1. Could you check, for the stretch 372-389, whether at least one of its residues is at pLDDT 95 or above and assigned to a helix (DSSP H, G or I)?
2. How about the stretch 196-234: which of its residues are part of a strand (DSSP E or B) and of a type in the set (S, T, N, Q)?
3. Do we have R169 as over 17 Å from the mean Cα position of the chain (by Cα), under 17 Å from L90 (Cα atoms), charged (D, E, K, R) and crowded, with 19+ Cβ neighbours inside 10 Å here?
4. Taking the stated definitions as given, is T171 within 29 Å of G213 (Cβ to Cβ), touching a helix residue (DSSP H, G or I) at 6+ places or on another chain (Cβ under 8 Å) and modelled with pLDDT of 95 or more?
5. Please work out which residue is surrounded by the fewest Cβ atoms within 10 Å (Cβ to Cβ), limiting yourself to the stretch 177-199 and to residues that are of a type in the set (F, W, Y) and under 19 Å from the mean Cα position of the chain (by Cα).
6. Restricting to the stretch 81-129, give me the number of residues that are assigned to a strand (DSSP E or B), surrounded by 16 or more Cβ atoms within 10 Å (Cβ to Cβ), within 21 Å of the chain's Cα centre (by Cα) and not acidic (D, E).
7. Among the numbered criteria (1) farther than 24 Å from D97 by Cα; (2) in contact with a helix residue (DSSP H, G or I) (Cβ under 8 Å, 6 or more places away or on another chain), which single criterion is violated by P332?
8. If you go through the stretch 244-258 one residue at a time, how many are under 25 Å from V149 (Cα atoms) and not in a strand (DSSP E or B)?
Amino acid sequence: MSQAGQVGHERRVGQVGQVGRVGKTLVTIGVVVAIGVAVAPLHSQQPGPVTPPAARNSPAMPALPQVYDTAVQRIRVSAVATGLVNPWSLAFLPNGDILVTERPGRLRIVRNGVLDPTPIAGVPVPHVAALAGLLEVALHPRFAENRIVYLTYSKGRAEDKRSTTALARATFDGTALVGLKDIFVANTWSVSNTNYGGRIAFDRAGFLYLTAGERQEQDRAQKPEEHAGKVLRLRDDGTAPPDNPFAGKPGYLPEIYTTGHRSPQGLALNPETGELWENEHGPLGGDELNILKPGANYGWPLVTYGTDYDGTKISDLTTRPDLESPFMYWVPSIAISGLTFYTGDRLPGWKGNVFVGSMFAGRTRATGHLVRITFNKGRPIQREPILAELKQRIRDVRQGPDGLLYLLTDEPNGTLLKIEPAP
């Protein structure tokens, strides 16, 4: 596959041709436990640079702040921090400070609204190439008590130049990560530098869910002896709970929660229902938003609304009775990334809505945006593109403890954005 193919679906994004699902009714409108991890020394991290192909970079950010009229909410968009290098994920500390990962291998912190020039020490040293690097940052549900931070990253193996998705955890002492250790290393080893997954979410019982992409090796998503193309369910120490849907089943890895995923890019718990929602890249078309059910198979590559990058068919089928259909899908793709449920009161017109990022629409440069999704009785009824004027690749979207929305732009000169109400 060419480099353009390897950087993958993030270069292919578009408008919505989606499906809403209630039950099985369609409404048109994808183990090794490690004991050690390479750690960057205090204040001396020297990760390799990430220099995406020029075709993936967006134009310079317009001067901020900007005020925009959306369908129901007038908003002001401002920059909290600039100069981030391909930021991938953010997490809010109890005091309002913000942790941000940069894919080249740095963990940054915004203290009292100002980006600290010194990266947080003690992070793992990732394999950095194409879309590989430092990925997610997440806090333990009891972080205020135990100070535990989780990171996902692409872990390299020098002897055969392969890499996989790894989950590490450490305690945060305010300036550095202490006692970093890999607690789970997925069996997704590949020479590919894409489709790692790496998103994290916790459920109400404190179980950790981890996404693992199929590494652009389609058939792995249906192989029960591999983690590739799966969503995994773990205890907070990285081990498999005994009540997982495939625990004890011959031929299945015990961590598997759901199967048949391609390249998961968003994972979040529905605060009203407790359901886990996931989104993922399709190939050329067929991005999906899924509601996860334990043990379910989401079909990739047996069914898809997309085609291969050269336009050839991957499957003749878009649905099959024994496979879960997407809650929504996009054709052309929007290079979906990030996922959050807005529950705040600061942006009242958006309360109860779901937000996802778009990085690259319709295989067209400078078309990234934010998507607002509204519902009626559980069915998706509106999809509003927001911030298209910024022409930026939106990698992550989160609700802050202040009730505002925060976004990351995945650019070599990336920005942490804040959305607040405008007069």
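1. yes
2. Hit for the stretch 196-234 is T211, nothing else.
3. yes
4. Yes, satisfied.
5. Residue satisfying both the conditions and the ranking: F184.
6. Total satisfying the criteria: 19.
7. (2)
8. Selection size over the stretch 244-258: 3.
The values are calculated or read from the model by the stated rules, or taken from the named source; none is laboratory data. What you see is a predicted model, and the numbers here were worked out from it, not measured in a lab. Neighbour counts run over all protein chains shown; Cβ positions are idealised from the backbone, glycine included.
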